[in-house]
Amino acid sequence: MVTRGELWWADLGVPRGSGPGLRRTVVVVSSDDFNGSRLSTIIVAVVTSNTRLAPMPGNVLLPPEVSGLDRASVVNVSQLMTIDRRDLEESIGELPAWAIAEIDAGLAGALGLGVRG
């Protein structure tokens, strides 16, 4: 089963505008209950090697020793996608709890979760 907090290589298809595309690294952000259901989709956040995006609100910098990637990368919480689980090509590994907590905080801010008004 695909689990929340895992990094994967995914085929995101042809990019449109400023959206992500091609073969990219993603982190699974949908819940394990959702991931373990019969739905064929997974919610992911796109990971980029463009570390200039790290200071943007909610984004999370992942050092290579944490991500298992060959360079520092950034979870871009403003680039969420719902993809077919068949588009997940290769598992890279699982992020530690502190990184998932930072992603959660970034998602809460980006989506206005827990905020009234």
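Rounded to the nearest 500, what is the chain's calculated 222 nm mean residue ellipticity when only DSSP H runs of at least 4 contribute -39500 (n - 2.57) each, over all residues?
Value at 222 nm, helices only: -5000 deg cm²/dmol.
With a cut-off of at most 16 other beta carbons within 10 Å, and DSSP calling the residue loop, which trypsin sites (Lys or Arg not before Pro) in the stretch 61-117 qualify? Please list them.
Taking the stretch 61-117 and a limit of 16 other Cβ atoms within 10 Å, the loop trypsin sites (Lys or Arg not before Pro) found are Arg71, Arg116.
Report the trypsin sites (Lys or Arg not before Pro) located in the stretch 1-63 that are in a DSSP loop and have at most 11 other Cβ atoms inside 10 Å of their Cβ, or state none.
Within the stretch 1-63, the qualifying trypsin sites (Lys or Arg not before Pro) (loop, at most 11 other Cβ atoms within 10 Å) are Arg16, Arg38.
All of the numbers you see were taken from the coordinates with simple rules; none came from a lab. Treat the numbers as computed from the prediction; the structure is a model and nothing was measured. Cβ atoms come from the backbone with ideal geometry, glycine included; neighbour counts cover every protein chain shown.
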